[in-house]
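Participant: Let me begin by handing over the structure; questions about it come next.
The values are calculated or read from the model by the stated rules, or taken from the named source; none is laboratory data. Bear in mind the structure is a predicted one, so any value in this text is a computation, not a measurement. Here the Cβ positions follow ideal geometry from the backbone for every residue, glycine too, while neighbour counts run over all protein chains shown. Note: accessible area is taken over every heavy atom of the protein model, side chains too, but ligands, DNA and RNA are not part of it. Shrake-Rupley method; radii C 1.70, N 1.55, O 1.52, S 1.80 Å.
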Amino acid sequence: MNGQVKAFYDQATSTVSYVVFDEPGGYCAVIDPVLDFDPRSARTSTTSADRIAAFVKEMDLTTVWLLETHVHADHISAAPYLKKRLGGSIAIGSEVQSVLGKFNLIYNTVDTGFAGFDQLFDNGQMFFIGKLKVIAHHVPGHTPADTAYEVDHVGIFVGDTIFMPDVGTARCDFPGGDPRRLYRSIKTLLNYPPDTILYTCHDYPVDGREARWSSTIAEQRSSNIHIHDGVDEAEFCRMRNLRDATLALPALMLAAVQVNLRAGQFPEAEDNGVQYLRIPLNLL
């Protein structure tokens, strides 16, 4: 069974969401869906997610999974919205539990569970998208909880580990990030056969090229600007630490993380009927 992939590129956040399905009229998973959020007005909309839902309906697909590769800092997840529209179970890697503890300190919250997640995948855990076998692989480094999804006959959805070869690799300066762990995670991925396709969660086009989101292991090993063959762990860590020190936090990070730790669910409305987010001042 050769599965199929449909990608959706969100220009505002440079995020790529995917619908992976076994066959038309069959079963699908949605990976890393985006809820539109305007930080100036703090208003949400569902234009990006509605494009995904329309495609799922057009292809007559039954949604079985809404998969997150990690707790995103650059966009808010649309998984709860799509679950209401399409069904399916919301899932993420089980190491998300370590991320919760770090951000409880930042937001001064006492959450102990993962409201909204239906499944936490252990490393190596197998599941199915209809006829397609999937294996969840923990690939920490960008955050402690990144998970890649290896889909038989399709490729590996790597989240924020490695980007297109001319962009490089993910930052490691968020709470719990570690360039040594990212190096080892990427090297594990790059041991797959040369023609294996990697699907990234973001693209930041270089030199005016159009956005792209898939590459082969061979392309990454030969030309990734940060981690091509011959780059050792120490060299990679030096580069990553120096580069990360120059990067500003993502514009939506403080808003997004507290929502995405709850699988995209916003806090309950207060007594005036309004929902509020918490923003720590002078902390990060």
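Participant: What list of ³J(HN,Hα) couplings, whole Hz, do you get for region 168-175 from phi and the Karplus terms 6.51, -1.76, 1.60, once you set θ to phi - 60° and write x for glycine and proline?
Facilitator: Each residue of region 168-175 in turn: x, 9, 7, 5, 10, 9, 6, x Hz.
Participant: Name the longest site-free stretch of the chain, where the excluded sites are GluC sites (Glu not before Pro) in a DSSP loop with no more than 11 other beta-carbon atoms within 10 Å.
Facilitator: Working: sites that count: E210, E268, E270.
In the chain, the maximal stretch lacking such sites is 1-209.
Participant: Hey, any idea what % of the chain's accessible area is carbon plus sulfur with a 1.4 Å probe?
Facilitator: 49
Participant: What are the ³J(HN,Hα) couplings of region 34-47, residue after residue, when phi is run through the Karplus curve with 6.51, -1.76, 1.60 and θ = phi - 60°? Round to Hz, x for glycine and proline.
Facilitator: Whole-Hz 3J(HN,Hα) from phi for region 34-47: 10, 9, 5, 9, 9, x, 6, 9, 6, 10, 10, 8, 10, 4.
Participant: How many nm separate the modelled label positions at L281 and E58, each set 7 Å beyond the Cα in the direction of the Cβ?
Facilitator: Taking the two extended label points, one gets 4.8 nm.
Participant: I want to check the label-to-label distance for E268 and E219. Put each point 7 Å from Cα in the C-beta direction and report it in nm to one decimal.
Facilitator: 4.8
Participant: Run through region 32-73 and list the chymotrypsin sites (Phe, Trp or Tyr not before Pro) located in a DSSP loop whose Cβ has at most 14 other Cβ atoms within 10 Å.
Facilitator: Details: sites: F37, F55, W65; in loops: none.
Filter output for region 32-73: empty list.
Participant: A further question follows. Looking only at region 1-29, which residues have a backbone nitrogen under 20 Å from a spot 7 Å from the Cα of K133 in the C-beta direction?
Facilitator: 1-5, 20-23, 27-29
Participant: Another one. Taking 30 Å as R0, compute the FRET efficiency from the Cβ-Cβ separation of L249 and E23 and round it to 0.05. Present the calculation step by step, with values, prior to reporting the outcome.
Facilitator: Details: r = 42 Å, r/R0 = 1.39.
Here the calculated transfer efficiency is 0.10.
Participant: Taking Cα centroids, how far is region 155-222 from region 1-20 in Å?
Facilitator: Distance between centres, Cα-based: 15 Å.
Participant: How high is the FRET efficiency from R180 to N104, r the C-beta distance, R0 30 Å, rounded to 0.05? Present the calculation step by step, with values, prior to reporting the outcome.
Facilitator: Numbers: r = 25 Å, r/R0 = 0.83.
My answer for the efficiency is 0.75.
Participant: For the pair D166/Y192, report the inter-label distance in nm, with labels modelled 7 Å from Cα in the Cβ direction.
Facilitator: 2.3
Participant: Now, a different point. Whole number in Å², please: accessible area per residue of region 152-284, 1.4 Å probe, ligands, DNA and RNA not counted. Show your work: numbers first, answer last.
Facilitator: On the way: 6800 Å² over 133 residues.
Normalised by residue count, the accessible surface of region 152-284 is 51 Å².
Participant: Which residue, D118, D178, D195, tops the fluctuation ranking in a GNM of the chain built on C-alpha contacts under 10 Å?
Facilitator: D195
Participant: On to the next question. Is the chain rounded, prolate or oblate when judged by the Cα gyration tensor, a ≥ b ≥ c being the square roots of its eigenvalues, rounded requiring a/c under 1.5 and prolate requiring a/b larger than b/c? Present the calculation step by step, with values, prior to reporting the outcome.
Facilitator: Values: a/c = 1.55, a/b = 1.08, b/c = 1.44.
Verdict is oblate for the chain.
Participant: Sticking with this one: Using a 1.4 Å probe, what is the accessible area per residue for region 11-82, in Å²? Could you put the intermediate results ahead of the total?
Facilitator: Values: 2610 Å² over 72 residues.
Ligands and nucleic acids excluded, the result is 36 Å² per residue.
Participant: Of T47, T147, T13, which is the most mobile in a GNM of the chain whose springs link Cα atoms less than 10 angstrom apart?
Facilitator: Taking springs between Cα atoms under 10 Å, the residue moving most is T47.
Participant: Follow-up question, since we're still on this one. Using DSSP loop states and a limit of at most 11 other Cβ atoms within 10 Å to flag trypsin sites (Lys or Arg not before Pro), what is the longest stretch of the chain containing no flagged site?
Facilitator: Working: sites that count: R40, R209.
Here the longest run is 41-208.
Participant: In addition: Roughly what % antiparallel, to the nearest 5, for the DSSP beta bridges in the chain? Mind showing how you got there, number by number?
Facilitator: Values: 33 of 47 bridges.
Of all bridge pairs located within the chain, approximately 70 percent are antiparallel.
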